[in-house]
Amino acid sequence: MVIRLLDKKLPEGPFEAGAKYGLDILTVIKDYFKNDNNVIKLLRIYNKLSRAQVAEKIGVSRQQLAIIEDGDSVIDYKLVPRFANLFNVDLKLLLVILGHAKPEILQNKEDEHSKFTMAARYSGPELTDQEKVDLEKLFKMIVENMKER
Amino acid sequence: MKFRSYDTKNGNECETEIISANPDTIELFVQTWVPDYVVRILREPENSYSLFPWDKIIKKSELSDENLQSFCAVTDGRVDGLLCLRNKDEYFKVEYIGTAPWNYGKNGKMRRIGTGLIYFTISQSLSLKHNGTFKLNALSDAEPFYHNIGMVKTGILNPEGLKEFYMNKKKAKSYMRKFEKFLINENNSQAFGRN
């Protein structure tokens, strides 16, 4: 399948960059994607879903989804687990790619401590007190879901 | 060179051709390998696959002197494998070799792409008076593959700590004999030094 969304000037950096061990996913996205949110569009196309279908499942309008896919703004953190669930991809990695968590969390093994400290490493925009409470509830819900799986 | 590869998803043999890489190859790498790689890692992040920057590798081999050349393995218009070779008087080397992300692992789509590229390497080595021998530095995950095809560790590490593997003349001959049953033709019009 040829997905013509990577219409970006290719990286001009030194040849050796990445050519020794290969590039990791974060570098691939930085080098080849127009912006990080394009990952959502890529996942939608790969799963052969229309914008209308994804928007309905995620709980946004089609127009909002279009803005999400092609825009530069950080996606609302509440939507990230819904995308991860819908496309059956790793939530932690998606949070890192979309700017809601630092890459360091990917190094931690799956243990209780690392799951709960995920909230502590949040690196998105400044949160209100209520949002912080909501976020903690959200992550606890995610952890419970993981346990059930 | 053309050989018979195997499509595990459709359960049939296909024709794969190895030709010189060109600007279209770069476009196909960016538009097919890159997205597929990203989706695969998102689905299975525990996999340690990494992606070489083939756009840079192919461009460098086009711009550099004749010592470096890139090739691609193409099946039905799809780039299934990539290869970059270096020819020096003292040695013949695989600088980079890779199969497309959709071919990774036990459930990968196409079989024999990597082994086909190795056969092509040996055949180029023969035509360039290296007697079928060549060397490469292996990523750690790929070491079993090279061991299985008869290459041996030389004990030398490159500056990145990757182990050097070497295919000697005898093993190269034996490898060619085993792979020949998949060969369709060995047309050398895309050989090293010619585009």
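Observations on the model:
- Every residue from region B:20-47 that is touching a Leu at 6+ places or on another chain (Cβ under 9 Å), in contact (Cβ under 8 Å) with a residue 60 or more places away in the chain and farther than 30 Å from residue B:89 by Cα: B:33, B:37
- Tally, over region B:83-97, of residues that are within 14 Å of chain A (Cβ to nearest Cβ) and of a type in the set (Phe, Trp, Tyr): 1
- Residue B:165 touching a residue at least 40 places away in the same chain (Cβ under 8 Å) and of a type outside the set (Gly, Ala, Ser): no
- Of all residues in region B:128-154 being farther than 30 Å from residue B:106 by Cβ and open to solvent by 60 Å² or more (accessible area, probe 1.4 Å), the one that is modelled with the highest pLDDT: B:131
- Residue match in region A:73-88 (condition: farther than 29 Å from residue B:27 by Cβ, at pLDDT below 90 and over 12 Å from the mean Cα position of the chain (by Cα)): yes
- Any chance residue B:157 is open to solvent by 60 Å² or more (accessible area, probe 1.4 Å), more than 19 Å from residue B:69 (Cα to Cα) and not small (Gly, Ala, Ser): yes
- Taking the conditions (1) in a helix (DSSP H, G or I); (2) open to solvent by less than 40 Å² (accessible area, probe 1.4 Å); (3) at pLDDT below 90 in turn, residue A:113 satisfies each one other than (2).
- Residue match in region A:1-14 (condition: over 15 Å from the mean Cα position of the chain (by Cα), more than 25 Å from residue B:60 (Cα to Cα) and at pLDDT 90 or above): no
- For region A:33-83, the tally of residues that are at positive phi and open to solvent by 70 Å² or more (accessible area, probe 1.4 Å) stands at 1.
- Of all residues in region A:19-32, those that are open to solvent by 20 Å² or more (accessible area, probe 1.4 Å), within 16 Å of the chain's Cα centre (by Cα) and not acidic (Asp, Glu) total 3.
- Some residue of region A:28-35 being in contact with a strand residue (DSSP E or B) (Cβ under 8 Å, 6 or more places away or on another chain) and among the aliphatic types (A, V, I, L, M): yes
The values are calculated or read from the model by the stated rules, or taken from the named source; none is laboratory data. Owing to the predicted nature of the structure, the values given are computational and were not obtained by experimental measurement. Don't worry about glycine lacking a Cβ; one is built from the backbone with ideal geometry, like all the others, and counts go over all protein chains shown. Each accessible area value is taken on the protein alone, full model and side chains, heavy atoms only, with ligands, DNA and RNA left out. Shrake-Rupley method; radii C 1.70, N 1.55, O 1.52, S 1.80 Å.
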